[in-house]
Each structure stands twice: as C-alpha cells, then as structure tokens.
1. Would you please classify the overall shape of the stretch 59-136 from the alpha carbon gyration tensor, given that a ≥ b ≥ c denote the square roots of the eigenvalues, rounded means a/c under 1.5, and beyond that prolate means a/b larger than b/c while oblate covers the rest?
2. Normalising by the residue count of the stretch 59-136, find the relative contact order in percent from Cα pairs under 8 Å and 6+ residues apart.
3. For the stretch 89-125, state which trypsin sites (Lys or Arg not before Pro) are in a DSSP loop and have at most 16 other beta carbons lying within 10 Å of their beta carbon.
4. Taking the stretch 84-143, which chymotrypsin sites (Phe, Trp or Tyr not before Pro) meet the DSSP loop condition and have no more than 15 other C-beta atoms within 10 Å?
5. In what sequence do Glu98, Glu158 fall when counting other Cβ within 10 Å, fewest first?
6. Using the 10 angstrom Cβ neighbour count as an exposure proxy, how do His109, His53 rank, fewest first?
7. Suppose R0 equals 45 Å; then what is the FRET efficiency for Glu98 and Glu173 from their Cβ-Cβ distance, rounded to the nearest 0.05?
8. Kindly count the pairs of lysines across the stretch 59-136 whose alpha carbons are less than 13 Å apart, treating pairs on different chains or eight or more residues apart as eligible.
Amino acid sequence: MRKFYINTAVILAALTLQSCAVTNIFVEPGGKPDTSIASLDSIFYNNSRYEYHIQVDDKVNISVWQQDELSIGSVYGIYNSNEVYGKWLLVDGNGNIEVPRIGTMNVKHMTVISLKDSLAARFGEWLVNPIVDVKIMNKEISVLGEVRNPQVITLDTEQARLLDIIAKANGFEYYADTRRIKVLRQVGQDVYVANIDLSQGDFYLKRNIALYPGDVVIVPARNSKRIDRQLSNIIPFTSVATAVAILFNAF
C-alpha cells in the first residue's frame, strides 16, 4: 500500500512536469549563439551616414520661429510639444501632411533635413529668413524579453546604442541570456537579424551596435529558467508524497 501511494505521487509529479513545460519563444529549437562578429553585415555596421526617412503614420511637428499660426506643436512655444500632450501632423496613407498656408505636401521618404529645407523655401516666399524646425514624434525602438521593463522606447535622436536602450529598459533580468541577444531590422520588405553576444568583453564597439527607429531588441531567457519553473511545479507534489509516506508510517 505504501508503494502505491509513493508511485501515485511520482506519476502526478511527472505529468505536471510534462504539462507545465515553458517554451522559450525567443530562441530557435537547438539554436546556438552566433559569436561571429563578421556575420553582422553592413545592414548593422558602417551606417554612420544614416538618416531617418519619414514614413506613413509618422507624427510630425513643425516649428516656425515667432510664427505660431504656421507652427504645429512648436518647440519654440510655451506649451508642451511632446507626443502625448502636444500637437502634430499625421502622415496619411498617401504620405501627405496638411501644412498651414502651404496645403497638401507629400513628405514620404523625405529626411528631416530635406523637409526643413523645403518648408523654409516655401515659407520664405512671404517670410524673411524663416527659422524652421521639424521633429518626428514617434521614432521608437521595441525591447522585449528578459529585461526589467520591456517597453517601446521613444528616441529623441537619430540613433541609439544597444546598451543605452537596454539601460533605459532598466537592465537585464536574472535569467537573461546575454549570449543570444537579437536585433531585428527591416530594410524594405526584408527583415535582418543580428545575433549579439554581450557576455564577452572584446569587440565592445562592434557589439554595442547602433540602433535605429523601428528596430526590435529581443533578450531571450537562459534554459535554466525553464528548469527552475518546472522544479517549482514539482516541489508541491514531492511534499505531498513525503506527507503521504509519513502518514502511512504513522498508521
């Protein structure tokens, strides 16, 4: 009878272990960390001349010095001009925005500098030396996985470094696998993946790559996280098995 109770407890624990397995969606089955720095091509390196190009659904601020009626969410004004509280123009499906006094203007694929120059030229038809500033409000990088605060981070600059973005997400969680960090970047219709090993101290500048708006950073979990979670499910059943054995001996 004692053997029956013990076997029953063991079977229940085994079934729990099988049913509560944790799948790590951020690492391919059987995947190994790619530590080859050479495997990261020009998509992720040698982009010192990178400039953001305006896309559909972008939020655009236009500021004209001392011309509030021509400004949308002006950085020169006394009111808040950030994305949450400020005003902005939304780039529609055709890539157009509606600019005061100018009207419809196609801005899709333009850089911030080229848009500033175009606006200054247009406003210059009735203003003397207009001072124009343009800001894209929703330049964002997504951070997922084993960081303390997974989130979408808004950039105030053209680019940011990988470690800066992880720091803004409050750093790594305990189970973070720093050997297998992935950075996803879309170029046209293609998505490229860089496998970054931050567990090594060499090639720091190569590993701490520049990130651009639209990038996605994924920090996977180490395999020990799955094991620890499985053990946490087994322990209550082993405790039951122990209690059953004690009761059996007592009676």
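Read-outs throughout are calculated quantities, based only on the coordinates presented, and are distinct from any laboratory measurement. Computed from a prediction, not measured in an experiment: that's the story for all the values here. FYI the Cβ positions are ideal-geometry reconstructions off the backbone, even for glycines, and counts take in every protein chain you see.
1. Values: a/c = 1.67, a/b = 1.02, b/c = 1.64.
Taking the square roots of the gyration eigenvalues as a ≥ b ≥ c, the stretch 59-136 is oblate.
2. Numbers: 117 pairs, mean separation 24.5, N = 78.
31 percent.
3. Values: sites: Arg101, Lys108, Lys116, Arg122; in loops: Arg101, Lys108.
Here the trypsin sites (Lys or Arg not before Pro) that fit, given the DSSP loop and packing criteria, are Arg101, Lys108.
4. On the way: sites: Tyr85, Trp88, Phe123, Trp126; in loops: Tyr85, Trp88, Trp126.
Passing sites in the stretch 84-143 are Tyr85, Trp126.
5. Values: Glu98 12, Glu158 15.
With the sparsest Cβ surroundings first, the list reads Glu98, Glu158.
6. Details: His109 10, His53 15.
Starting with the residue having the fewest Cβ neighbours, the order is His109, His53.
7. On the way: r = 45 Å, r/R0 = 1.00.
In this case the efficiency is close to 0.50.
8. On the way: Lys59/Lys87; Lys59/Lys108; Lys59/Lys135; Lys87/Lys135; Lys116/Lys135.
Here the count comes out as 5.
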